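**Student:** So that we are looking at the same thing, I have put the structure below in structure tokens.
The values are calculated or read from the model by the stated rules, or taken from the named source; none is laboratory data. From a predicted model like this one, the values you see are computed outputs, not experimental measurements. Neighbour counts are summed over all protein chains in view; Cβ atoms, including those assigned to glycine, are modelled from backbone coordinates with ideal geometry.
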Amino acid sequence: MSTSDSNQENSENDDSKSSSNGKGNVTGNINQRILFGGEGSERAFLGQVDDNTPIPSVVPDCGTVVSVQKHREEILKEHAEWRESSSMRIQGSKELNFFTEYGEVSRYKVKEIIGEGNSSIVCSAYDTHTGEMVAIKKINNIFENLSVAISVTREIKLLRRLYHPDIVKIKNILLPPSRKEFNDIYVVFEHMDCDLHQIIKANDDLTPEHYQFFLYQILRGLKYIHTANVFHRDLRPKNILATSDCKLKICDFGISRVAFSDQPTGKFWTDYIAARWYRAPELCGSFFSKYTPAIDIWSVGCIFAEILTGKPLFPGKNVVHQLDLMTDLLGTPSSETISTIRNEKARKYLNSMRKKTPFSLVEKFPNTDPLALGLLQRLIAFDPRDRPTVEEALSDPYFKNLADVEREPSAQPITKLEFEFETRENTKEELREVIYREILEYHPVGFHLTIKS
């Protein structure tokens, strides 16, 4: 969900940040969540990304190459008290009163808290109907803040339509006891072991094959998002979930937007967009009159650089510092690029900046595959017009032995009618009805008829 710029930026390296969709603090089975080993790892990459989606046989075996033993004791110690506290709360208050009046409580057996936020809590749970582990996110008092309600509405509508192996899945949304009076919702996500930030932080032994396959999955998922006419707008390592066998899934669509051709671009500039470290230069001071999917491409480039080095590429302390770090690496933008900047202060700042020459990526990333650096250079081009589309990135020579257009499906564009609620001012009653209708999509016809209105 959207938060204030300062709060989000201050939490870039905060490992205690609350979980969304089952990610966040490393709890439960530390070996499986962090070590990329454990049960099932020997079966990694035997030919499928998803039940029906084959993948190449050249991808890495995470269970055998990743070692973080030196971090294990530190991680266990860091989370011991937190986990004990979580367990006590679960056991001490009848499933934490987690399901309140919801009728599907008997289906899910809550195991432990895996994340908490200001208005939400995420628990891992066992689905007795399917025999699978899931992550259940309870969002409390959703209609107290209409911006939160809109963000939740947007995310659940998008995730039902963006069904792809590299995008996190909603498996169910619990049916409220009352159509017109509910204030909490329970979203059931597929269970994931950790997020990409935790993988980067905990592992020194990632291989070039990991680098390549991680980036490939992110771009493949992003292709599906962009062809649906959606901008994610908040791509970063914490918003990419991971399983113990190296499968990645993009999550957190609360500040995403559907790009309608007749929509005024001005609306986009009023919203919080992306954590600063992964924010494209055109978003630092509203550089350009409109923005494009290239903002997500920049974020992917920053993520890829962080995978390669284990450190954020542009850890700016503020917007000016962020621009300084960008130009230290990429050089001063051309006068033509600067002339397109609509923000007068930003334009003056860059014009007054001493001339900087680009820093060599070969020196910045020693012993890195030249093809990887060639693609990275394109992804983080200062001018968004010089960045590749996601389709162009997937066809880069770096993926010569991995990419296959048949495994990189496109989505049907989302229509304006499907997101009509975004075009008007909404009351909480109207949003409650929109959300309820969306929840009904996860329940058999007629099931809801027994629920009181």
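**Student:** Would you mind stating whether Leu196 is buried (at least 21 other Cβ atoms within 10 Å of the Cβ) and within 30 Å of Pro397 (Cβ to Cβ)? Spell out the reasoning first.
**Tutor:** On the way: buried (at least 21 other Cβ atoms within 10 Å of the Cβ): yes; within 30 Å of Pro397 (Cβ to Cβ): yes.
In short, yes.
**Student:** Among the numbered criteria (1) under 16 Å from the mean Cα position of the chain (by Cα); (2) surrounded by fewer than 21 Cβ atoms within 10 Å (Cβ to Cβ); (3) part of a loop (DSSP other than H, G, I, E, B), which one does Gly254 miss?
**Tutor:** (2)
**Student:** Among the residues that make up segment 357-380, is at least one of them touching a residue at least 12 places away in the same chain (Cβ under 8 Å), among the acidic types (Asp, Glu) and within 18 Å of Ile218 (Cβ to Cβ)? Working first, answer last.
**Tutor:** Step one: list which residues in segment 357-380 are touching a residue at least 12 places away in the same chain (Cβ under 8 Å), which gives 357-359, 361, 364-365, 368-369, 371-380.
This time we only want the ones that are among the acidic types (Asp, Glu), so: 369.
From what's left, within 18 Å of Ile218 (Cβ to Cβ): 369.
Yes, the conditions are met somewhere in segment 357-380.
Listed here are the residues, each with its yes/no results for (1) of a type in the set (Ser, Thr, Tyr); (2) over 28 Å from Ile439 (Cα atoms).
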residue: Ile170; (1), (2): no, no
residue: Asp195; (1), (2): no, no
residue: Lys201; (1), (2): no, yes
residue: Tyr211; (1), (2): yes, yes
residue: Tyr216; (1), (2): yes, yes
residue: Leu219; (1), (2): no, yes
residue: Phe260; (1), (2): no, no
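**Student:** Right, Phe189: touching a residue at least 40 places away in the same chain (Cβ under 8 Å), assigned to a strand (DSSP E or B), surrounded by 20 or more Cβ atoms within 10 Å (Cβ to Cβ) and not hydroxyl-bearing (Ser, Thr, Tyr) or not?
**Tutor:** Numbers: touching a residue at least 40 places away in the same chain (Cβ under 8 Å): yes; assigned to a strand (DSSP E or B): yes; surrounded by 20 or more Cβ atoms within 10 Å (Cβ to Cβ): yes; not hydroxyl-bearing (Ser, Thr, Tyr): yes.
Considered against the rule, which asks whether it is touching a residue at least 40 places away in the same chain (Cβ under 8 Å), assigned to a strand (DSSP E or B), surrounded by 20 or more Cβ atoms within 10 Å (Cβ to Cβ) and not hydroxyl-bearing (Ser, Thr, Tyr), Phe189 comes out as yes.
**Student:** Here's another thing I want to ask about it. Go through segment 173-184 and give me each residue that's within 21 Å of Glu112 (Cβ to Cβ) and buried (at least 21 other Cβ atoms within 10 Å of the Cβ).
**Tutor:** Leu174 - this is the single residue of segment 173-184 that is within 21 Å of Glu112 (Cβ to Cβ) and buried (at least 21 other Cβ atoms within 10 Å of the Cβ).
**Student:** Can you tell me which residue in segment 227-247 is nearest to Leu313 (Cα to Cα), limited to those that are touching a Ser or Thr at 6+ places or on another chain (Cβ under 7 Å) and not hydroxyl-bearing (Ser, Thr, Tyr)? Give the steps one after another, and end with the answer.
**Tutor:** Step one: list which residues in segment 227-247 are touching a Ser or Thr at 6+ places or on another chain (Cβ under 7 Å), which gives 227, 230-233, 235-236, 244-245.
Narrowing the set further to residues that are not hydroxyl-bearing (Ser, Thr, Tyr) leaves 230-233, 235-236, 245.
Details: Val230: 25, Phe231: 22, His232: 20, Arg233: 18, Leu235: 14, Arg236: 12, Asp245: 26 Å.
By that ranking, first place goes to Arg236.
**Student:** Among what's in segment 382-433 and is β-branched (Val, Ile, Thr) and under 24 Å from the mean Cα position of the chain (by Cα), pick the residue that is surrounded by the most Cβ atoms within 10 Å (Cβ to Cβ). Steps first, please.
**Tutor:** Step one: of segment 382-433, the residues β-branched (Val, Ile, Thr) are 389-390, 405, 414-415, 423, 427.
After this cut, where a residue has to be under 24 Å from the mean Cα position of the chain (by Cα) as well, the list is 389-390, 405, 414-415.
Values: Thr389: 14, Val390: 24, Val405: 11, Ile414: 18, Thr415: 11.
Ranking the candidates gives Val390 first.
**Student:** Report whether or not Ser151 is in the same structural domain as Lys428 (by TED's automatic domain parsing), closer than 20 Å to Arg236 by Cβ and at pLDDT below 95. If you could, list the steps in order and put the result at the bottom.
**Tutor:** On the way: in the same structural domain as Lys428 (by TED's automatic domain parsing): yes; closer than 20 Å to Arg236 by Cβ: yes; at pLDDT below 95: yes.
Answer is yes for this residue.
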